[in-house]
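Throughout, read-outs are computed from the coordinates displayed, never taken from laboratory work. Being a predicted model, the structure only gives us computed values, none of them experimental. When we count neighbours, we look across all protein chains shown, and the Cβ atoms used for this are built from the backbone with ideal geometry, even at glycine.
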Amino acid sequence: MRVRVAILGSTGSIGKSALDVISRLKKDFEVVSLSANSDISCLAAQARTFRPKVVAVGNESLVPGIKKLLPRGVRVVHGREGLNEIVSQADVDIVVMAITGTACIEPLVKAIGSGKRIALANKEALVSAGPIIMNLASLKKTMIIPVDSEHSAIFQCIDASGGAGVSKIYLTGSGGPLLNVPKKDFDKISSSRILDHPKWKMGKKISIDSATMMNKGLEIIEAKYLFGIDDSAIEVLIHPEAIVHSMVEFVDGSVLAQMATPDMRLPIQYALTYPRRSRSAVKPVDFVKTARLSFRKPDYKKFPCLGMARSAAKAGGTAPAVLCAADEEAIKWYLEGKIKFSDIPKVIEKVLVKIKVKSKPNLTVGGILGAVSWAKEETRSICCR
């Protein structure tokens, strides 16, 4: 029997890569549900190829348009309720969470509550509501397998060791498009160049996060919750070649690293096939051509988002959710040309200064979503000035 998959965010880069993987492993997997926020033409094309039973769109106004494009028999749902329905379907075994931003929190919680296996490509949900999500996953005995290349690497290293004796995690990152650009020149760089990542093909939001290095900051918090390790034991290393996707150090001093060609289809495939491994379309690393693997420490002054993320990780409570939401909103304003690139960390810092962190034991999904809503409104207010 084939494994039945729902993909939330199927028209984004991760969603498309997931469908590419499934198309190559179609004897093992069946797509039963797809979702997109607004790209109904792409969603309809995917539906014609993969024949899901249900598709979801961002809001009700898009329903008539996509119904005209879909094959007969495909049901359409919409909005938050539509996503929650998809992840709760009895005929879904794995949910690929490829929605960006804090909008993923509620459907992720719902999917875990429904006992689905999770292939998690979204950072913000776990960063914002990590304790709630991991506690629920433990209660429901739900497996969360990270799709993010760094966390997939850590997962594989810890899994290979049997999970014992971890002393340190090394999160690697290419450094993004501004690694060798002086900070004083950041605002001279066009948004198109900033969105052109040197190693990965990604959506706009995560590409900007890579440029500010907020992505590494969010990954620190994500790793803290996902692997149950204190943030002080998580170190970030700049690794421009992007071959070593992360490393785990153990109490005896041994270090395990996961290495591969930078291609998101690999961690996606591993999350879908775990614990098996299958042949992929990704070429193995050519170590002779690579020749050199280099590492260096990140510049916290040049990329202040890293430090803000570490502070939020230590504060806990609603601080990580506020960090995520302020970042998400500030990036929207930058992409619309309403603030400068250098304003992004400044705006986030102003929001964090105003936060009232709730005590950790009282955190609820409602409380987290309230903090997200407050942070977005506060960010908009700051950007409007």
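Annotations for the structure displayed:
- Within straight-line cross-link reach of Lys297, lysines at Cα separation under 22 Å, skipping those fewer than 8 residues along the same chain: Lys168, Lys183, Lys184, Lys199, Lys216, Lys224, Lys314
- A simple charge model with +1 on the Cβ of Lys and Arg, -1 on the Cβ of Asp and Glu and nothing else charged puts the dipole of the chain at about 660 debye relative to its Cα centre.
- Bins of 5 Å, starting at 0 and running to the largest distance - Cα pair percent for the stretch 316-385: 3, 20, 31, 21, 13, 8, 4, 1
- Potential lengthening of the chain between Lys340 and Ala315 amounts to 6.2 nm, from the contour at 0.36 nm per residue minus the alpha-carbon distance.
- In the stretch 299-337, the GluC sites (Glu not before Pro) that fall in loop regions by DSSP, at most 14 other Cβ within 10 Å: Glu336
- Percent of beta bridges antiparallel (DSSP, the chain, rounded to nearest 5): 25 percent
- Each Lys and Arg contributes +1 and each Asp and Glu -1, all at the Cβ; summed about the Cα centre of the stretch 316-385, the dipole is approximately 200 debye.
- Exposure proxy ranking, count of Cβ atoms within 10 Å, fewest first, for Cys157, Cys384, Cys42, Cys104: Cys384, Cys42, Cys157, Cys104
- For the chain: relative contact order, % (alpha-carbon pairs under 8 angstrom, 6 or more apart): 15 percent
- More than 18 angstrom apart: percent of Cα pairs within the stretch 3-146: 50 percent
- Each of Lys297 and Lys26 was given a label point 7 Å from its Cα along the Cα-to-Cβ line. The distance between the two points is 5.2 nm.
- Sorting the segments 142-153, 83-94 by their residues' average number of neighbouring beta-carbon atoms within 10 angstrom, most packed first, yields 142-153, 83-94.
- Principal axis analysis of the Cα atoms in the chain yields extents of 56, 52, 44 Å, listed in decreasing size.
- Built from the Cα atoms of the stretch 1-81, the convex hull projects on average onto 5.0 nm², one quarter of its surface area.
- Within the stretch 3-146: Cβ-based charge dipole about Cα centre, in debye rounded to nearest 20 (Lys, Arg +1; Asp, Glu -1): 420 debye
- With contacts taken as Cα pairs under 8 Å and at least 6 residues apart, the stretch 3-146 reaches a relative contact order of 22 percent.
- Amide hydrogen neighbours beyond the local backbone of Lys123, cut-off 5 Å, H modeled: Gly101
- Report summary: the helix-based calculation at 222 nm, which adds -39500 (n - 2.57) for every DSSP H run with n ≥ 4 and divides by the residues of the chain, gives -14000 deg cm²/dmol.
- Compared with the alpha-carbon gap, the fully stretched path from Lys141 to Ser192 is longer by 14.1 nm at 0.36 nm per residue.
- Kirkwood radius and radius of gyration were both taken over the C-alpha atoms of the stretch 52-131, and their ratio Rg/Rh is 0.99.
- Farthest positive-ward along the chain dipole, Cα basis, beta-carbon charges - from Val87, Gly115, Leu323: Val87
- Rotationally averaged projected area of the stretch 142-230 (alpha carbon convex hull; nm²): 7.0 nm²
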